[in-house]
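The values are calculated or read from the model by the stated rules, or taken from the named source; none is laboratory data. All values reported here derive from a predicted model rather than from experimental measurement. All Cβ positions, even for glycine, are placed from backbone atoms using ideal geometry, and neighbour counts span all protein chains on display. Quick note on the areas: whole protein, heavy atoms, side chains included, nothing else; ligands and nucleic acids left out. Shrake-Rupley method; radii C 1.70, N 1.55, O 1.52, S 1.80 Å.
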Amino acid sequence: MSKKLITARREVERLRMEAAGSGGTDLKIWEAGNRVSDLERDQRESAVRTARRAALLMDAVLLVVATLTMGFSLGNIHQFALGHEVSDPIAWFLAPAVDLALVAALVGDAVLSRWQLDAGPWATRLRWYTGGATLVLNTWQAWASLDPAAILLHTVPPVLLFVLAEAASPYRVQFAETVRLASEAAVTVDTVPVSTPDTAPPVDQADTATEPEVPEVYDQETDPAVSTMTPQVNEPAPTWESESRKAVDWVFNGGEGPMPTRTVDATNKPLPAEVDTTGDRLDATAARAAIEAAWEAGLSIREAAPRATRSASYVGGVYAQLTKARGPQPSKGQTAIDVEAA
């Protein structure tokens, strides 16, 4: 990352910190952290430059040694070729052909080893064959005459080039690994993050107000049967005044829904409990027919509830629907009188 880009990003970070209300101490800590980041980045870049310079120096030394070895062996191989019935200028071609093949192998390894790649077994065979051919061609006459000094003299340059070429490949691999490790240690963001106080948006009390929960209405036709002997909710104890008020409200509301029934008398004493109708319940059609028959017979809600195996509140709702649809409920015995009159 360029220094100009780092400077611009840090200026933006400074403006954000100032806008967030960071104090002078936070800014000093942030600046000190940035200086540490700069020193670490410089150290990493120095390590990368050192590794790359060492790799380039290794390649340069290898090429110089290869050039000197080629110049040294050129005359020896030329004399060896002339002694074996190879005339000029063909005798000069042998040494450059072998040496150039070795140089090609060295250059290829130099490129691939920087990326930690291997050219395969044939590249190794090429290096070994060219190195061995150079060694044999240089030392053949010395071995033929069994001259130890000549053997040593003509052996050192080819062996030195061969060993240096083999050692250069692992060196390049390690140099490339050094560069990679230094690059991975680089920090992508060159600024030290500073925690700033969060500015929470104002809370609208109207939005956070909890809406009143709508109580669920118990439908005796679809909901599971519930015993009327068991209270379902905890409510204040009913009184004669409260139940009278519910009855008045039910009338003013048009008689919709179940009609409220009394559970206490005028002295606020509880009335006899209703019969638990959870057992042997009629189905919906039979219960409706029983309630209509009780309404036609002029029976009260409490008298009709056991017959329909339904609660008094449910029977009261059906009575209200029948009254609204058919008019006032006949009084007890009125239906029989009407039949006799007819």
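See the values below:
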item: Hz values of 3J(HN,Hα) by residue in region 132-145 - Karplus curve (6.51, -1.76, 1.60), Gly and Pro given as x; result: x, 5, 5, 5, 5, 5, 7, 10, 4, 5, 5, 5, 5, 8
item: Gyration tensor (alpha-carbon) shape descriptor, region 41-192, a/c threshold 1.5; result: prolate
item: ³J(HN,Hα) computed for each position of region 4-20 - Karplus, 6.51 cos²θ - 1.76 cosθ + 1.60, integer Hz, glycine/proline x; result: 5, 5, 4, 4, 5, 5, 5, 5, 5, 5, 5, 5, 5, 5, 5, 5, 7
item: Pairwise FRET efficiency - Leu181 versus Thr67, Cβ, R0 = 35 Å, nearest 0.05; result: 0.55
item: Alpha-carbon centroids, region 84-108 and region 54-75: separation in whole Å; result: 16
item: Length gained when the stretch Thr7-Leu282 is fully extended (0.36 nm per residue, less Cα-Cα span); result: 90.4 nm
item: Carbon and sulfur %, accessible surface of region 58-129 computed with the full protein complex present, 1.4 Å; result: 74
item: Cα-projected label distance for Val107 with Asp88, points at 7 Å along beta-carbon direction, nm; result: 2.9
item: For peptides 86-97, 131-142, 303-314, sequence by mean Cβ density within 10 Å, most packed first; result: 303-314, 131-142, 86-97
